[in-house]
Amino acid sequence: MHIKRTETHNAWDRDLAPIAVIAPGDEITVETTDAGDGQLTPGSTAADVPGLDFSRINPVTGPFEIEGARPGDALVIDILDMSVGSWGWTACIPGFGLLTEEFPDPHLRVSTIADDRAELLPGLSVPVVPMIGTIGVAPPEPGPHSIVPPRRWGGNLDIRHIGPGARLVLPVGVDGALLSLGDAHAAMGDGEVCGTGVETDATVRLRIGLQRDAAPKTPVVETDPRTHRTGAALATTGVGPDLMVAAAEATRALITEIVNRTGLAAADAYLLASVAADLKISEVVDVPNWVVSAHLELAYLT
Ligand code: CA
Ligand code: CA
């Protein structure tokens, strides 16, 4: 079964009619459209960012009914293969992202994607590590639910390890599960600090399995080694009693290091951090201060 990227919706809703029925164990190929739903093009500039229609943001392809699935079951999703488009976009959208006060202006970079690299800036590229930003099932609560926040039913998880070779296990909340996916990234750092990865179209091949009465409380991922970064890295830190504040502090410090070491503009450094740097919770036990670190491979800093 091959599903086109035109079959999308923009809210989670248990009452949406499924576009296809899948038997447990079946493989399907699903096309997804980019998180901007085609509103940006390779010729777009920062001036086009404020005009984005947010009612169209983050479309997902689906929903798929999984035959026989019922609440309490586990959906076991193996991502067998995934290809991304020939270009992607990364934007700073005013009011969205971790550092909205420091970066109030729109900014946009269009990456050319070729030979397993995405060129974020002329001469500066990141490896393509495809991932599915949004994948989830319908919540049992009736009515439409915004596509933006992730929930225990999955959705906009933005876990960069949900890509080829990974297994995702989701709890089923409604009869038939109603699985949908979209928001592919060609690259992203843990935290996705500016609010976007390298946003792109994708084609994903999945196998959907079902385990009776085995729902996890929240989504569970088995990762593939291809998503592990191994290069020596610089890690900046944020230290304090609030993890969000510490995450912002670590990110701010990393942007300063990027700017000082490479001469990049701060807004470009912010985008680079979003697609290539990983936020990590280093410590949550040494009361009352916790540590968040922001890791960027040194190869980007020379
Ligand atoms: Ca996302
Ligand atoms: Ca995205």
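Checking L157 against (1) within 16 Å of ligand 2 (Cβ to nearest atom); (2) modelled with pLDDT under 95; (3) not basic (K, R), only one condition comes out false. Which one?
(2)
Cβ-Cβ below 9 Å, separation at least six or inter-chain, first residue in the range 71-83 and in a strand (DSSP E or B), second surrounded by 15 or more Cβ atoms within 10 Å (Cβ to Cβ) and among the acidic types (D, E): which pairs?
Listed by first residue and then by second, the contacts come to I79/D224.
Cβ-Cβ under 6 Å, sequence separation 6+ or interchain: first residue in the range 23-41 and part of a strand (DSSP E or B), partner modelled with pLDDT under 95. Which pairs?
Pairs that qualify, where the first residue is part of a strand (DSSP E or B) and the partner is modelled with pLDDT under 95, are I28/M1; T29/H2; V30/I3; E31/K4; E31/R5; T32/R5.
Which of the residues that make up the range 179-233 are of a type in the set (D, E, K, R), more than 16 Å from ligand 2 (Cβ to nearest atom) and touching a Ser or Thr at 6+ places or on another chain (Cβ under 6 Å)?
Listed by number, the list holds a single entry, R205.
So in the range 211-232, with the set limited to residues that are open to solvent by 50 Å² or more (accessible area, probe 1.4 Å) and among the hydrophobic types (A, V, I, L, M, F, W, C), which one is farthest from V126 (Cα to Cα)? Write out each step before concluding.
Restricting attention to the range 211-232, the residues satisfying the condition of being open to solvent by 50 Å² or more (accessible area, probe 1.4 Å) are 211-213, 217-218, 220, 222-223, 225-226, 228-230, 232.
Among the residues that remain, those that are also among the hydrophobic types (A, V, I, L, M, F, W, C) are: 220, 232.
Numbers: V220: 27, A232: 15 Å.
Here the residue is V220.
Would you please name the residue that is least open to solvent (accessible area, probe 1.4 Å), looking only at residues in the range 254-282 that are within 16 Å of L99 (Cβ to Cβ) and acidic (D, E)?
My answer is D268.
Is at least one residue of the range 96-108 part of a strand (DSSP E or B) and away from ligand 1 (no atom under 16 Å from the Cβ)?
Yes, the range 96-108 contains a residue that is part of a strand (DSSP E or B) and away from ligand 1 (no atom under 16 Å from the Cβ).
Determine whether S274 is among the hydroxyl-bearing types (S, T, Y) and either in a helix (DSSP H, G or I) or without any contact (Cβ under 8 Å) to a residue 40 or more places away in the chain (or both).
Numbers: among the hydroxyl-bearing types (S, T, Y): yes; either in a helix (DSSP H, G or I) or without any contact (Cβ under 8 Å) to a residue 40 or more places away in the chain (or both): yes.
The answer is yes for S274.
Out of all the residues in the range 25-48, which are more than 16 Å from ligand 1 (Cβ to nearest atom) and either open to solvent by less than 60 Å² (accessible area, probe 1.4 Å) or within 17 Å of the chain's Cα centre (by Cα) (or both)? It would help to see each step written out before you state the result.
Step one: list which residues in the range 25-48 are more than 16 Å from ligand 1 (Cβ to nearest atom), which gives 25-31, 38, 41-48.
Residues satisfying the conditions are G25, I28, T29, V30, E31, G38, S44, A46.
Starting from residues that are of a type outside the set (A, V, I, L, M, F, W, C), part of a strand (DSSP E or B) and within 16 Å of ligand 1 (Cβ to nearest atom), keep the ones in the range 149-208 and report whichever is surrounded by the most Cβ atoms within 10 Å (Cβ to Cβ).
For the range 149-208, the residue satisfying everything is H185.
The values are calculated or read from the model by the stated rules, or taken from the named source; none is laboratory data. Everything quoted here is computed from the prediction, not taken from an experiment. Here the Cβ is made from the backbone with ideal geometry for all residues, glycine too, and neighbour counts use every protein chain on show. When the accessible area is computed, the model is the full protein with side chains, heavy atoms only, and any ligands, DNA or RNA have been set aside. Shrake-Rupley method; radii C 1.70, N 1.55, O 1.52, S 1.80 Å.
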